Structure formats: structure tokens, C-alpha cells
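First comes the structure, then the notes that go with it.
The values are calculated or read from the model by the stated rules, or taken from the named source; none is laboratory data. The shown structure was predicted, so the numbers you read here are calculated from the model rather than taken from an experiment. A quick note on method: Cβ atoms are made from the backbone with ideal geometry, for glycine too, and the neighbour counts reach across all protein chains shown.
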Amino acid sequence: MGWSNAFGLLSNDTSRPLHYRFAKKQRHKMNDLIARSSLISNAPLLQPSDFDWTAPLAREWEAIRDEALAILEHRHAIPPLRDISPDHRRIMKDESWRSFFLVGYGHRQAENIARAPRTAALIENIPGLNSAFFSILAPGSVIVPHRGVTKAFITAHLGLVVPSRPESCWMRIDGRKLRWEEGKWLVFDDTYEHEVQNRTDETRIVLLCQIARPLKAPGSWLANATMNYIRRSKFVSEARDNLADWETAYAKAERGKA
């Protein structure tokens, strides 16, 4: 998952605007309409080979991994996702899930892109890309069971660094336990319940991409309206401000000032 929970994961929504609360209550009906308009499977797990953009990135996974590892040299200046998106604090209790954003809800993070130019060039070729970031799970990380809010997106993980005991580092989606492999994709629908655990003493890194689901009308109209609303929302503006602060912190770490 990424910023897919833009309508929020918090249990207390009373402080949210009325239109926000209405949209969240109607999300199941909205998802049903999107599912009926989907041009791809609505199954929890999708086949990477069904998407033309997966193979070119998989072929260059080592170059992508090397850029991620270089960024990881200043791991404490990489933001925990719960700091970028406070709505994720319910599913992540500590700072062990860190996320280095290249693109967030269509907004390019220019300074971060300059630190991973090959990865940035490759993701440019993903149609409908909404978000892309290096998702870094520290040893002992636990992301509790949760669901994404909208079927307007699909989520894809490209394995970059996988612990040597893969049986102890996994994602369970819709009751099925999955394990990452270096250089291979997992593509899934995050509206199905899923959870993640890294019960090893090693770090797990994937390139996480969130992509617009291929749709026909009328689902495409609804998905586009939802996306336009989210991109203009306070949720995204706050996240962008938080990312800007962390970009400054990362630059200081590179200069040896933090």
C-alpha cells in the first residue's frame, strides 16, 4: 500500500468535512461500480505479465536496487510513512516503515528524483502512475491487517532487497501468504485485506508503485473525479509539506550536517 488510503484510516472522522465523510461511507458502492468497469481482473492478485510496463523495470532491477541502497546510506533521514501520512498511524505503530518518494499522487519530488535518476526514468514509462517510492521495512516490522479504500488503483511491488529467510518476511492478502523475490513483481488489489510482517533481522526494500486501474466508462469517470478530489485535498497538501521538510532533512544528512 501507499497513499491509497486517501480517505483516511482513522476511526474518528468527525473532524473531517461533510463531503469527505459522505465519500467514505459510499466507497463500497463506488468500488462496485469501478469493479464492473474494470478492463482487468478484479482478483486480489494480478499477473505481472498482463502489464507491459513490468518487464522493462524487472530487467533493470539491479540498477534500481543500487540507487535504493545508495539512498539507504542516510536511512534515518528517510521519512517514516506515518510522518508523511498521519492517517497511516493506525496500521504502523512505530517508525520501522520508511518511504522514499519519487512521485506522490502525481506530484514529482524533484530532489529525490535527482538521487535516483535511472529509477525515475524507468517509472516515467508506467501509464497511469500515481505514486512511486522505495518502501523500506526494518527488521521486526509489522503492518497490521487493513484495506485500501479505492479500487481506482492497483499496487505493484518490485522486489529489490529480500531477507535471506523469506519464510519470515511476507505479505498476506485475502488469506494468501506471499513472499517477495528480488527482481520480480507482486501486483495486487489493496482493497482486499492485507498485512505485512518482516520477522527477520534484515531490511526488506521494494519499489512500490500505485497505478490507475484500466477502466471503461462509467467507472473511469468516477475514478477520475475521485483522483481530482484527492489531489486537491488537505490530505495531499499536508503530505507534500511533510515531504518537503524531509527532503530538507535528507539534504542536510548528505552534507554531513545531520
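Scan the stretch 174-196 for residues that are more than 23 Å from residue 55 (Cα to Cα) and either part of a strand (DSSP E or B) or without any contact (Cβ under 8 Å) to a residue 24 or more places away in the chain (or both) and the total you get is 6.
Taking the stretch 51-108 as the range and being surrounded by 17 or more Cβ atoms within 10 Å (Cβ to Cβ), touching a helix residue (DSSP H, G or I) at 6+ places or on another chain (Cβ under 8 Å) and assigned to a strand (DSSP E or B) as the test, the residues that pass are 97, 98, 99, 100, 101, 102, 103, 104. Filtering 181, 193 for residues that are closer than 22 Å to residue 33 by Cβ and modelled with pLDDT of 95 or more leaves a single hit, 193.
So which residues in the stretch 238-258 are more than 18 Å from residue 81 (Cα to Cα) and part of a helix (DSSP H, G or I), if there are any at all? Walk me through how you get there before you give the answer.
Residues of the stretch 238-258 more than 18 Å from residue 81 (Cα to Cα): 251-258.
Hits for the stretch 238-258 are 251, 252, 253, 254.
For the stretch 227-236, filtered to residues that are surrounded by fewer than 13 Cβ atoms within 10 Å (Cβ to Cβ) and part of a helix (DSSP H, G or I), the residue that is modelled with the highest pLDDT is 228. When the stretch 55-71 is filtered for residues that are farther than 14 Å from residue 249 by Cα and in contact with a Lys or Arg (Cβ under 9 Å, 6 or more places away or on another chain), the ones remaining, listed by number, are 58, 60, 61, 63, 64, 66, 67, 70. Condition first: free of Cβ contacts under 8 Å to residues at least 60 places away in the same chain and within 16 Å of the chain's Cα centre (by Cα). Can you find one or more residues in the stretch 201-224 that meet it? No - not one qualifying residue is present in the stretch 201-224. Examine the stretch 146-153 for a residue that is more than 12 Å from residue 210 (Cβ to Cβ), part of a helix (DSSP H, G or I) and touching a residue at least 24 places away in the same chain (Cβ under 8 Å), and state whether such a residue exists. For the stretch 146-153, residues more than 12 Å from residue 210 (Cβ to Cβ), part of a helix (DSSP H, G or I) and touching a residue at least 24 places away in the same chain (Cβ under 8 Å): absent.
Can you tell me which residue within the stretch 60-80, out of those that are hydrophobic (A, V, I, L, M, F, W, C) and touching an Asp or Glu at 6+ places or on another chain (Cβ under 9 Å), is farthest from residue 139 (Cα to Cα)? The extreme case among them is 61.
Being at pLDDT 85 or above and touching a strand residue (DSSP E or B) at 6+ places or on another chain (Cβ under 6 Å): is that true of residue 40 here? In short, no. Put simply, of 223, 217, 212 the only residue that is over 20 Å from residue 82 (Cα atoms), of a type in the set (Gly, Ala, Ser), modelled with pLDDT of 95 or more and surrounded by 17 or more Cβ atoms within 10 Å (Cβ to Cβ) is 212.
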